[in-house]
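Structure, as structure tokens:
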Amino acid sequence: MAALRTVNGRSPFHARTDDVRRCGSATFSVRHFAPTRVVVAVVGEVDALNARDLGRYVERHVRMSKQLVLDLRAVDFASAAAFTALYYVSVHCARRDVDWIIIGSHHVRRLLSICDPDGQLPIVDDLAVGLSRLDHLAQCRYRVAGAG
């Protein structure tokens with residue numbers, strides 16, 4: 001799994017890796033570091049051989065979570081099939097009411113600039129910004145649930 005750095009003096013990603021799967025030229029791994037937040041990291045290449053597996057891997061590990069951090073910083077190649085996998089993850093998260101973010105490498109950002117020019121997928125500049133966004137969404141969700 002790509003190393004996730006410490007944020008604000010805390011290390012929220014210190015939990016053990018729960019599942020690692022080698023798929024083609026990529027490795028997928030997951031960490032559940034909070035009851036409601038899961039981190040899925042990808043190292044290597046996401047292409048036609050493993051993009052569907054990535055979508056299914058994320059789907060399987062997001063079941064009990066309300067937030068997903070999809071860490072693609074160590075992806076060194078992303079084909080059009082990778083975009084299809086990200087769109088699949090987006091639909092799955094929307095159906096399950098899961099807030100999510102993508103932290104992407106240069107290759108992922110380039111792919112999204114071509115395939116997602118309107119910026120519909122939730123890519124963020126860095127981990128701190130992404131976690132802040134997820135924290136804000138969780139607070140909004142809590143306020144709405146508490147008001148009703």
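The values are calculated or read from the model by the stated rules, or taken from the named source; none is laboratory data. As the structure is a computational prediction, the values presented were derived from the model and not from experiment. All Cβ positions, even for glycine, are placed from backbone atoms using ideal geometry, and neighbour counts span all protein chains on display. Ligands, DNA and RNA are stripped out before the accessible areas are found, and what is left, the full protein with its side chains, is counted by its heavy atoms. Shrake-Rupley method; radii C 1.70, N 1.55, O 1.52, S 1.80 Å.
Of everything listed in (1) open to solvent by 70 Å² or more (accessible area, probe 1.4 Å); (2) modelled with pLDDT under 95, the single unmet condition for Leu137 is (1).
Residue by residue, here is whether (1) of a type outside the set (S, T, N, Q); (2) over 14 Å from the mean Cα position of the chain (by Cα) holds:
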{"residue": "Ser79", "(1), (2)": "no, yes"}
{"residue": "Ala82", "(1), (2)": "yes, no"}
{"residue": "Ala85", "(1), (2)": "yes, no"}
{"residue": "His92", "(1), (2)": "yes, no"}
{"residue": "Arg95", "(1), (2)": "yes, yes"}
{"residue": "Pro117", "(1), (2)": "yes, yes"}
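Gln67 fulfils the conditions (1) in contact (Cβ under 8 Å) with a residue 40 or more places away in the chain; (2) in contact with a Cys (Cβ under 8 Å, 6 or more places away or on another chain); (3) not acidic (Asp, Glu) except for a single criterion, (2). Elements of the type strands (runs of 3 or more DSSP E) sitting completely within the stretch 35-148 and holding at least 1 residues that are more than 23 Å from Arg22 (Cα to Cα): these cover 67-78, 99-104. Could you tell me whether any residue of the stretch 109-116 is open to solvent by 40 Å² or more (accessible area, probe 1.4 Å) and modelled with pLDDT under 95? For the stretch 109-116, residues open to solvent by 40 Å² or more (accessible area, probe 1.4 Å) and modelled with pLDDT under 95: absent.
Can you confirm whether the stretch 77-84 contains a residue that is of a type in the set (Phe, Trp, Tyr), at pLDDT 95 or above and out of contact with any strand residue (DSSP E or B) (no Cβ under 7 Å at 6 or more places or on another chain)? There is at least one residue in the stretch 77-84 that is of a type in the set (Phe, Trp, Tyr), at pLDDT 95 or above and out of contact with any strand residue (DSSP E or B) (no Cβ under 7 Å at 6 or more places or on another chain).
For the stretch 29-50, residues that are hydrophobic (A, V, I, L, M, F, W, C), closer than 18 Å to Arg73 by Cα and touching a Gly at 6+ places or on another chain (Cβ under 9 Å) total 1.
Quick one: in the stretch 35-46, which of the residues that are free of Cβ contacts under 8 Å to residues at least 60 places away in the same chain and open to solvent by 30 Å² or more (accessible area, probe 1.4 Å) is nearest to Leu131 (Cα to Cα)? My answer is Pro35.
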